[in-house]
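S.K.: Structure provided below as structure tokens; questions to follow.
The values are calculated or read from the model by the stated rules, or taken from the named source; none is laboratory data. Nothing here was measured: the structure is a model prediction, and the numbers come from that model. As a convention, Cβ positions derive from the backbone with ideal geometry for all residues, glycine included, and neighbour counts pool all protein chains shown. Just the protein is used for accessible areas: all its heavy atoms, side chains included, with ligands, DNA and RNA removed. Shrake-Rupley method; radii C 1.70, N 1.55, O 1.52, S 1.80 Å.
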Amino acid sequence: MVAQGGKLCDCTSIDFSGKRERELSMELNGSVAASQDGPMSGRSRSPSPDLHYGSFTNSLASLTSRAREDDEGHRGEEGRASSPRCQRAHLAVAVLCYINLLNYMERYTIAGVLPKIQEFFDIGDSTAALLQTVLIISFLLLAPLFGYLGDRYNRKYIMIGGLAVWSVTSGCSSFVTKSQFWLLMLLRAIVGIGEASYTTIAPTIIGDLFAGAQRSIMICCFYIFIPVGSGLGFIAGSGVANLTGDWRWALRITPILGLVGIVLLAVACPNPTRGAAEMRSERVVEKSSYIEDVKYLLKNKSYVWSSLGITASTFNLGALAFWVPTFLTRARVFLGLLPPCTTGSCLTSDSLTFGAVTLVTGILGGCVGTFLSRMFRDRVLHVDPLICAAGLLGSVPCFLITIFVASASIPITYVFVALGETLVALNWAVMADILLYVVVPHRRSTAEALQVTVIHLLGDSGSPYLVGLISDSIQSVHPETPDWSFRSLQYSLLLCPAVGLLGGLFYLVCIWYIAEDSRAVARYVSEDPPVPPEPNITEDNQAP
């Protein structure tokens with residue numbers, strides 16, 4: 001069943017494996033072979049999960065309207081028996097959430113132990129920030145490839161392969177020695193392969209398992225684990241480093257948990273038919289090239305402007321998540337609450353505290369954003385970009401206060417950090433939902449991949465390095481004192497509120513186009529597939 005007239009979608013009719021498609025195709029093999037009506041049309045139904053995009057078997061299945069009607073006639077009897085399918089769909093989302101949690105835990109473990117890494121390798125701010133930059137650059141370079149593959153091949157196998165690479169290279173990065181900073185950077189870049197394979201594909205699987213209000217809830221659950229994983233990365237990283245006395249042990253936690261994720265993906269995650277939860281019937285869609293998909297997305301104004309808005313959010317969160325714990329540690333030294341970090345452990349409680357704040361505010365912001373979206377969407381068609389704009393613009397004064405009040409009061413700084421992160425977190429789940437309802441199903445993996453490429457290319461791939469570079473430039477023309485170590489980072493962080501203001505304006509522009517683009521997708525998924533012509537049987541080829 002699908003969401004129609006605002007009603008909640010049911011997952012009982014979702015084809016998890018493509019089995020029904022193959023059965024219907026086999027039933028028609030004889031009749032199609034007998035018709036001998038010339039070559040197949042260049043059109044094919046939305047691809048089954050196990051077959052190449054536009055395969056011959058898919059085209060056969062598009063001819064089975066009568067068999068499909070018979071199948072739907074039995075659904076009332078099967079409703080009770082098919083409830084395990086819904087349970088399997090929810091289990092799949094739980095597995096995807098778990099891996100998303102590990103993804104962001106691993107990414108921000110480095111930030112949680114950054115002062116110790118700088119001390120170990122004797123590197124400055126800009127060089128340390130390259131650890132994040134190289135990961136994001138490899139991630140964004142490979143995202144379009146995985147988006148292309150995700151729209152055409154088995155998404156489950158792609159994610160398993162990527163997660164295996166991610167686990168192995170992440171674990172290997174914990175064994176580098178003091179003279180191998182170059183190797184640590186190389187391994188961090190390879191980690192981006194696994195992230196690219198998973199991040200571009202997982203949301204589209206959720207979009208194919210659920211529709212309507214239920215999909216919004218599932219997407220919210222998935223994206224809540226971005227701040228939760230980020231927060232746990234800070235907490236686990238600094239906690240393990242303090243416990244063992246070696247920052248490298250902090251990098252060995254998520255690879256072990258990643259191996260568990262591979263098993264869970266293989267056992268519990270389906271590869272549903274693309275668009276299965278939305279389409280009223282098995283559609284016939286035009287085969288399209290990658291270039292045609294990109295052109296479609298560039299003409300989709302809601303997609304373009306919302307992607308620019310989330311890019312600004314990603315720029316800010318990438319820089320702030322990477323530098324705020326270090327910034328607060330330097331603020332404590334500036335205020336005389338800590339001695340300067342020269343020898344011994346450079347870690348403080350700020351990584352743990354900031355991680356906890358990020359975790360709580362991420363959950364709170366994600367839930368509030370989804371709640372507001374569901375409450376007002378039926379009455380205000382453009383409510384989603386409005387929520388995103390309000391959250392991002394509201395975070396600007398909060399982060400400005402955070403940056404300047406740190407020189408006076410650490411507790412007040414944390415209050416405004418929490419408020420700003422909550423406001424930014426309003427848009428995570430809402431933004432993902434926007435993409436799913438303004439882009440047609442068979443182009444969503446490509447849309448996710450291109451959006452990921454843009455938000456990381458212009459967002460958090462460079463923002464930590466840019467802030468560190470500005471900080472080093474300011475520091476270079478002033479005495480090397482703890483005071484200027486704090487001031488240089490403080491002034492460089494002012495870049496973030498300026499970008500946040502720009503991002504809020506992008507979301508406001510998106511408001512003008514969101515209703516039209518969402519209606520176009522709704523029309524597409526609700527249309528009946530074209531009825532194939534009857535075979536032209538003449539007296540000469542009729543059976544005697």
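S.K.: From the backbone phi of region 444-452, what are the Karplus-calculated ³J(HN,Hα) couplings (6.51 cos²θ - 1.76 cosθ + 1.60, θ = phi - 60°) in whole Hz, Gly and Pro given as x?
M.R.: 6, 5, 5, 5, 4, 5, 5, 5, 4
S.K.: Can you grab the distance from the C-alpha centre of region 373-449 to the C-alpha centre of region 242-264, Å, no decimals?
M.R.: Value for the Cα centre distance between the two parts: 30 Å.
S.K.: Sticking with this structure for a sec: Within the set of other residues whose C-beta is less than 13 Å from the C-beta of N316, count the net charge using Lys and Arg as +1 and Asp and Glu as -1.
M.R.: So the environment of N316 carries a net charge of -2.
S.K.: What does the highest-first list of 410-418, 188-196 look like by mean Cβ count within 10 Å?
M.R.: 188-196, 410-418
S.K.: Given R₀ = 35 Å, FRET efficiency for F376-Y296 by Cβ-Cβ distance, to 0.05?
M.R.: 0.75
S.K.: Between region 171-220 and region 456-514, how far is it from one alpha carbon centroid to the other, in angstrom?
M.R.: Here the two parts' Cα centres lie 24 Å apart.
S.K.: Would you please put 214-223, 299-308 in order of how densely packed they are, using the mean number of other Cβ atoms within 10 angstrom per residue and starting with the highest?
M.R.: Put in order of decreasing packing, that is 214-223, 299-308.
S.K.: Mind ordering 241-249, 482-490 by average Cβ neighbours within 10 Å, highest first?
M.R.: 482-490, 241-249
S.K.: Follow-up question, since we're still on this one. Would you mind computing Rg(Cα) / (2.2 N^0.38 Å) for region 421-462, counting N as its residues?
M.R.: 1.29
S.K.: With a/c under 1.5 counting as rounded, go ahead and sort region 356-487 into rounded, prolate or oblate using the C-alpha gyration tensor (a ≥ b ≥ c being the square roots of the eigenvalues; past the cut-off, prolate if a/b is larger than b/c, else oblate).
M.R.: oblate
S.K.: What list of ³J(HN,Hα) values in whole Hz, one per residue of region 395-408 in order, does the Karplus curve 6.51 cos²θ - 1.76 cosθ + 1.60 (θ = phi - 60°) give from phi, with Gly and Pro shown as x?
M.R.: Running phi through 6.51 cos²θ - 1.76 cosθ + 1.60 with θ = phi - 60° gives 6, 4, x, 5, 6, 4, 5, 4, 5, 8, 7, 4, 7, 10 Hz.
S.K.: Another question, if that's okay. How many percent of the accessible area of region 356-395 is carbon or sulfur, using a 1.4 Å probe?
M.R.: Carbon and sulfur: 76 percent of the exposed surface of region 356-395.
S.K.: Once you sort the root eigenvalues of the Cα gyration tensor of region 216-279 as a ≥ b ≥ c, which label holds: rounded (a/c under 1.5), prolate (a/b larger than b/c) or oblate (the other case)?
M.R.: oblate
S.K.: On a full-extension model of 0.36 nm per residue, what is the gain between Y157 and D246, subtracting their alpha-carbon distance, rounded to one decimal in nm?
M.R.: 28.5 nm
S.K.: For region 120-195, give the percent of accessible area contributed by carbon and sulfur heavy atoms, probe 1.4 Å, rounded to a whole number.
M.R.: C and S atoms contribute 75 percent here.
S.K.: Then there's this: Express the carbon and sulfur contribution to the solvent-accessible surface of region 479-522 as a percent, rounded to the nearest whole number, probe 1.4 angstrom.
M.R.: The nonpolar share, carbon plus sulfur, comes to 66 percent.
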